[in-house]
Amino acid sequence: MINWRTALLPPALAIVFAMLLSSVALLISGANPLEAFATMGAQLFHGNTAVSTVNLAIVYYLAGLAAAVGFQMNVFNIGVEGQYRFAAVVAAIVGGWMQLPPVLHVIAILVVAVASGALYALLPALLKVYRGVSEVITTIMLNSIVFGIVAFLINPEQFGVLHGNNLSTEEIAPSGRIPGIPLGEAGTLFGFVVIAVALGYGYWFMLNRTRFGFELKASGESKTAAAAGGVSAKKMTLAAMLISGGVAGLVAMPELLGRDYVYAMTATQGYGFTGLAVALLGRNHPAGIAFGALLWAFLDRSAVSLESIGIPSEIATIMQGTIVLSVVVAYEIVRRADLAAEQRRVGRAGNGRPASVAEGGAV
Amino acid sequence: MTEPEPVVELTGITKRFPGVVANSDVHLTVRAGEVHAVCGENGAGKSTLMKILYGMQQPDEGTISVGGEVVELRNPQDAIKAGIGMVHQHFMLADNLTVRENVLLGAEGLYGMGRKARAKLAELSDRTGLHVDPDTLVENLGVADRQRVEIVKVLFRGARIVILDEPTAVLVPQEVDALFETVRSMQADGYTFLFISHKLDEVRAIADEVTVIRRGTTVGTVDPKEVTSRQLAEMMVGSELPSPETRESTVTDRPVLRVSELRLDADDGDRSVLDDVSLTVRAGEIVGIAGVEGNGQTELVETVMGMRKASAGTVELASSGGELRDITRLGTLARREAGIGYIAEDRHRHGLLLRQPLWSNRILGYQTREPVSSGRLINPAAARQDTERVVEEYDVRTPGVEVLAGALSGGNQQKLIVGRELSGEPVLLIAAHPTRGVDVGAQALIWEQMRAARHNGLAVLLVSADLDELIGLSDTIRVMLRGRLVSEADPATVTPTELGSAMTGAGEEAA
């Protein structure tokens, strides 16, 4: 049973609240909030903004899924950032070096990406399971280390090539690229969207229909109860961390295989952190994450349009921040209200009056 | 009228929780200088009533008067100001502080922290029989002394009326006697006690008056010298006295569980939590494990369940063919699949996923088995359907199977667990405190189901702190002390008192 009120009310409240708060910020900075919101809405109908928003959202969606897998097991994988960048550079190097027939080439690159992402998550996973080291600490440290690794690997002395002033990996041959979906003047949609949707469905199926997903959720909610039910928390932590890392490995793939074909020193960073916010916003639900990713990408793109009418682009950042904060608060409020309502409902069950203590009401 | 003035009067107290009336129209009158016992079954509403008197919860209806004046107790501070103190069943002491620091903590304003406070502490320690150096760390004290520290703490804050919530639950009989002596001498000094208990013998030994609570309401107040334990018990549970007794023996000679020389070392150091434990449970037999809590029962259960790894020894379980199979190396899931059902002692920690719906909880522990799972894939529809069956058969009071497990009351949660654990066609049921903290109705149902399952050849390993339950249900009782099975008792002849002394090692020394 999906409780629509519980699922949809909090994000709606959060968005309204964020709009109010950013209106205040807009008024203080001397701008007209209505004009700002109108510009943000209208941007979707100009040029290729809509498609580029979706393209960006695909990337955020993958990062959000990666974070959500960890959240299910109560693992806070801040390392999505490091894992995706490590996977991107390794996959770009291997992909540039490999010569394979079209479809196989793509598959090989994706496999390498997933494996490298998982590999980069392996160390924090092992440290957490066997030594009790918090994954938050280890993954944050690995996030900074990845910067050095990327710089080292794409140095011309190793695997890099110098294009003008920019260092990057070697270009991936056309056989290793994922063709885009051309939408005429609106732009070209990443072909990776198909894989992202499939991954979202796979994630839903895993959580709700497989034994593994059940064990993951159970262990995430209560390690002790899961242990009594025969689920090893260590195994689940390890699995959640590795799957999270593996999915994180795909984050850079839409851009790498659909647009850039090389991984450069200048490639965009920060997708991993966005993924955490998006997963939070979408409450770890595949559809919710998609919504969160789209919203986030939309706000990112808004920054540009706002600037063009002379409004500080930071307004978009303020909205993102307030949305995340208020969505967390709103979910908690609605959750408590629902629990209380449910307890009353339980109380009414049976004979239409509160059960007395002796009849099973208990204290 | 020569009777002393009532110091505490509760009139018409009613307290509702969502869906539950915990107290309804409770009347209680306590006179100065008496020991007033409040008796009732688990879940009858004693604790709620005491929480109301101590200001931890506010009544929906009714009044509280202390010393003749109506007071409103919004929090424990108000209660302390009114002269009411409470010694909780679970001590609220900081182990890493000294006795003096524990007593003074938060009450520095009364006597300062210097000589005056020391003198007061010495006086109160003397009065309560706490003969320890006030600079000893609390972690070095035994249970009985800790309890006295709690009493001193309460008195230090000026309490004249002391609530003792199940004070004897953690004590061995000798310590109970010592506590009672202290209570009597303090009573002579003019203190008033409210004594919460469900142990009738103790109530009859110490109380001047007894108020019985049943199903959240006061049934009556009696003089313990004029009633028998039997009469008191009947007041507590109503006319029909549910009895856990199993009549005819269904014990077969087919062993289902055989534990041999099981040892479990503590995580720290070289102590053994379990030492040389051997026991056999046969089909149709209930083997009860008696013991004061913390003597290894929890560890025994968790080792048999595979949640802890045995340091030595073997655990064997009968397979479907009947011959015993070594399961020492198997994990918890494999052991469950081999036919062990498990009712954990702490249902919130080990039994349920509180934030998941009931049907999801039906899957827990059975995620590899029909009907709820096909091995790798979960079948939510079948899980819902089977949960509805459990709800129906085990009388779980709920509006549906989509309700979160955390929204159910303790008794209904436990019925759901019992229903789940008996659904997987187990050959062995491990039941740890199966009726702890559940209401009388649920208790009767759980006993009934366990008896029925035993009749059908189920082997049961029962751990319980409720001696009546142990004696009533078990075919054999083994006594556990400091990680060892020290003696055996025949439930047909043993009395709770004898069992109690065996549990504390008194019997061992005599032998």
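Structure above, values below:
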read-out	value
Value in Å of the Kirkwood radius, where region A:41-91 supplies the Cα pairs that are averaged	12.8 Å
Inter-label distance for A:TRP97 and A:ILE140, nm, one decimal - labels placed 7 Å from Cα along Cα-to-Cβ	3.4 nm
Accessible area (Å², per residue) of region B:252-318, counting only protein heavy atoms and a probe of 1.4 Å	41 Å²
Chain B, helix-only ellipticity at 222 nm - DSSP H runs n ≥ 4, -39,500 (n - 2.57), divided by all residues, nearest 500	-9500 deg cm²/dmol
Largest to smallest principal axis extent of the C-alpha atoms in region B:410-511, angstrom	44, 27, 25
Buried solvent-accessible surface, both chains (B, A), 1.4 Å probe, Å² to nearest 100	3800 Å²
FRET efficiency estimate (nearest 0.05) - Cβ-Cβ, B:ALA178 to B:ASP267, R0 30 angstrom	0.35
Quotient of C-alpha Rg and 2.2 N^0.38 Å, computed over region A:1-63	1.45
Alpha-carbon Rg/Rh ratio, for region A:43-337, with Rh computed the Kirkwood way	0.98
Region B:293-348, dipole about Cα centre (Lys/Arg Cβ +1, Asp/Glu Cβ -1), debye to the nearest 20	220 debye
Entries in B:LYS46/B:LYS81; B:LYS15/B:LYS153; B:LYS120/B:LYS153; B:LYS15/B:LYS46 that, when Cα-Cα distance is taken, lie over 18 Å	B:LYS46/B:LYS81; B:LYS15/B:LYS153
Region B:298-397: radius of gyration and largest Cα-Cα distance (Dmax), Å	15.2, 44
Relative contact order, percent, region B:399-511 [alpha-carbon distance under 8 Å, six or more residues apart]	18 percent
Rounded to the nearest 10 Å², the accessible area of A:LYS234 at probe 1.4 Å	110 Å²
Equivalent ellipsoid semi-axes, the protein assembly as shown, via Cα gyration tensor eigenvalues times 5, rooted, Å	59, 35, 27
Computed over region B:1-154: relative contact order in percent, which uses C-alpha pairs under 8 Å that are six or more apart	19 percent
Proximal lysines to B:LYS225, defined as alpha-carbon separation beneath 16 angstrom and excluding residues fewer than eight positions away on the same chain	B:LYS199
Hydrodynamic radius (Kirkwood) for region A:82-203, which is based on Cα pairs only, to one decimal in Å	16.4 Å
Dipole of the protein assembly as shown, positive direction: furthest Cα of A:HIS46, A:GLY275, B:ILE378, with charges on the beta-carbon	A:HIS46
Unit charges on C-beta of K, R, D, E only; dipole of region B:347-424, Debye	320 debye
Residue-span extension gain [B:THR495 to B:ASP201] - 0.36 nm each, minus C-alpha spacing	104.6 nm
Å² per residue, accessible surface of chain A at 1.4 Å	44 Å²
Set of lysines near A:LYS223 by C-alpha distance (under 16 Å), chain-local residues within fewer than 8 positions excluded	A:LYS128, A:LYS234, A:LYS235
Relative frequency of Cα-Cα separations exceeding 17 Å in region B:347-424, percent	34 percent
Pairwise label distance in nanometres, B:GLU425 with A:VAL304, each label 7 Å out on the Cα-Cβ vector	6.4 nm
Calculated P(r) tail over 44 Å for chain B, as whole % of Cα pairs	21 percent
Label-point separation, B:LYS116 to B:THR280 (7 Å along Cα→Cβ), nm	7.1 nm
Longest segment of chain B lacking trypsin sites (Lys or Arg not before Pro) that sit in a DSSP loop with at most 15 other Cβ atoms within 10 Å	B:75-246
Mean Kyte hydropathy of -1.0 or more with a Cα span along the axis of at least 20 Å, helices from DSSP in chain A	A:4-28, A:49-72, A:80-97, A:102-131, A:135-153, A:192-209, A:233-248, A:286-308, A:314-348
Under 5 Å, built H, 5+ apart or other chain: amide partners of B:SER373	B:ASN379
Per-pair calculated FRET efficiency, R0 = 56 Å: A:LEU20 and A:LEU126 via Cβ, rounded to 0.05	0.75
Overall Cα dimensions of region B:6-237, principal axis frame, Å, largest first	48, 37, 32
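The values are calculated or read from the model by the stated rules, or taken from the named source; none is laboratory data. These numbers come from a predicted model, not from an experiment. Cβ: placed from backbone, ideal geometry, glycine included. Neighbour counts: every protein chain shown. Ligands, DNA and RNA are stripped out before the accessible areas are found, and what is left, the full protein with its side chains, is counted by its heavy atoms. Shrake-Rupley method; radii C 1.70, N 1.55, O 1.52, S 1.80 Å.
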